[in-house]
Every structure is written in C-alpha cells, then in structure tokens.
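K.L.:
Could you have a look at this structure, given as structure tokens, before my questions?
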Amino acid sequence: MYERRTHMTRGFEIVSTYANEGLHVPYRTTKRAAGYDFESAVDFTVPSIWKMDFLKVIWAIRHQKEVDKGALEKAKKILKPFLIPTGIKAYMGADEVLILANRSSNPLKRGLVIPNGIGVIDADYYNNDSNEGEIFMQVLNFGLTDAKIAKGDRIGQGIFMHYLTADNEQQPQQERQGGFGSSGK
C-alpha cells in the first residue's frame, strides 16, 4: 500500500493527508540540540482535566462514597489522553527508534504532559501495510484552563536513537499491522 524506502537512513516526511497543508518537517532549533521539534498539524484544544464532574468523582473516591456510573464515565473520558496530529512520519534504520519527549516549556506554560513519559516510534511504524505512520503527540492538560494549540505550534520533540537487543533473543516473527498502539495486540 505504501512505498518502503530501500536505503534507510533517518528522517521525516509529511503524510499524504497533509501533503498540501504547508507543514514543516521536524527541525532542530540550535546546533547542539538533540531533539527535533514537532509542530501541530492543526488548531487543537486540549481540555483541562479539572472540567465537568471530574472533581466530584475524585471527592467521592477519596471519601469512599458510591460514584455515579455516568459521572465516572465522564471522568474517564476527561482523563483519556488526547492525540495531537503532527502530519509527520519518520523513517529510520531497523536498529533505531524515535523517542518522543515533551518540550520543557509545555508543563510550565501550557500544563501539558505526556502521560506515559515518552513515546516510542518503532522503525516498522513507517509505511506499514495498514498505516502510513503518522505520528501523534499524546498529551494530558493538567492546567486550570483549556490549552489552545495553533497549527504550527511546537508541541514536542523527537530524538533518534540506536537500541540494543538481548543475546539469544527469540526473534519476533510478527509484522506490524496497524497504527497507534497496534504492536500490543
């Protein structure tokens, strides 16, 4: 379905959905920066986790009270991370990984955190059989108000790294068949 690179080095491309949207591929802003800055592909609002009935649910849990199922479901939706589209995919060598990290200013200025600490983009995420490999930044907003992200705002950074495998590892035989979170199936 998608063309695979035959000579793999490492880099970024814009996914086909955003081909004519004027996006920038990730870039380093200083000579010695390790991370490539990712920008948002769209205007995006990340709601504050403190909205709606979330505090009522926390209070009820804290005081060991029965929690209304409807309020509990609302709270779960609020605590679910949001995926900000970047419109970018990354190619790299088979023994490399792209680590996604938060920008140091995001928690301080916007209240945004990456809930799992880092994101891991494997080499086989790029142009696999059922997904072009678009990278999303997964975030939660712990700020008191909604975080407004404008198209082109820097929302995270990516660092290419080599990784090592264990001696005598039984080689995985599974091929990636999807997008975000698909290797855990």
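The values are calculated or read from the model by the stated rules, or taken from the named source; none is laboratory data. Computed from a predicted model, the values in this text were never measured in an experiment. Positions of Cβ are generated from backbone atoms using ideal geometry, with glycine treated the same way; all protein chains shown enter the neighbour counts. Accessible surface areas use protein heavy atoms only, side chains included; no ligands, DNA or RNA. Shrake-Rupley method; radii C 1.70, N 1.55, O 1.52, S 1.80 Å.
K.L.:
Could you report the range 58-165's accessible area per residue, 1.4 Å probe, as an integer in Å²?
P.N.:
Working: 5880 Å² over 108 residues.
Roughly 54 Å² per residue, with all protein chains present.
K.L.:
Quick one: if you stick a label point 7 Å off each Cα along the C-beta vector at Ile159 and Asp43, how many nm between them?
P.N.:
3.4
K.L.:
From the alpha carbon gyration tensor of the range 61-127, can you work out the equivalent ellipsoid semi-axes (sqrt of 5 times each eigenvalue) and give them in Å, largest to smallest?
P.N.:
On the way: eigenvalues 231, 50, 26 Å².
Equivalent ellipsoid of the range 61-127: 34, 16, 11 Å, largest first.
K.L.:
Still on this structure, please answer the following. Rounded, prolate or oblate: which fits the range 99-170 when a ≥ b ≥ c are the square roots of the eigenvalues of the alpha-carbon gyration tensor, with rounded for a/c under 1.5 and prolate only if a/b beats b/c?
P.N.:
Values: a/c = 2.80, a/b = 1.85, b/c = 1.52.
Here the range 99-170 falls in the prolate category.
K.L.:
Where the accessible area of the chain is counted over protein heavy atoms with a 1.4 Å probe, how much of it, in %, is carbon and sulfur?
P.N.:
C and S atoms contribute 53 percent here.
K.L.:
Tell me, what is the percent relative contact order of the chain, built from C-alpha pairs under 8 Å that lie six or more residues apart? Don't jump to the answer; show the numbers that get you there.
P.N.:
Details: 349 pairs, mean separation 57.0, N = 185.
Taking the mean separation of contacting Cα pairs over the length of the chain, I get 31 percent.
K.L.:
With a cut-off of at most 15 other beta carbons within 10 Å, and DSSP calling the residue loop, which GluC sites (Glu not before Pro) in the range 61-161 qualify? Please list them. Don't jump to the answer; show the numbers that get you there.
P.N.:
Working: sites: Glu66, Glu73, Glu96, Glu132, Glu134; in loops: Glu66, Glu132, Glu134.
Qualifying residues, ordered by number: Glu66.
K.L.:
Another question, then. Could you give the length gained by full extension between Thr9 and Ala166, i.e. 0.36 nm per residue of separation minus their alpha carbon distance, to one decimal place?
P.N.:
Numbers: separation 157, 0.36 × 157 = 56.52 nm, distance 2.33 nm.
My answer for the length gained is 54.2 nm.
K.L.:
Using just the Cα positions, wrap the range 12-61 in a convex hull and report its mean projected area in square nanometres, one decimal place.
P.N.:
Details: hull surface 26.6 nm².
The orientation-averaged projected area of the Cα hull of the range 12-61 comes to 6.6 nm².
K.L.:
How far is helix 69-79 tilted off the main Cα axis of the chain, in degrees rounded to 10, range 0 to 90?
P.N.:
The angle comes out at about 40 degrees.
K.L.:
Counting every Cα pair in the range 1-142, what percent are over 27 Å apart?
P.N.:
35
K.L.:
Now, a different point. Suppose R0 equals 35 Å; then what is the FRET efficiency for Asn116 and Lys69 from their Cβ-Cβ distance, rounded to the nearest 0.05?
P.N.:
According to the calculation, E is roughly 0.85.
K.L.:
Report the Cα centroid-to-centroid distance between the range 110-138 and the range 23-78 in angstrom, as an integer.
P.N.:
Between the Cα centre of the range 110-138 and that of the range 23-78, the gap is 16 Å.
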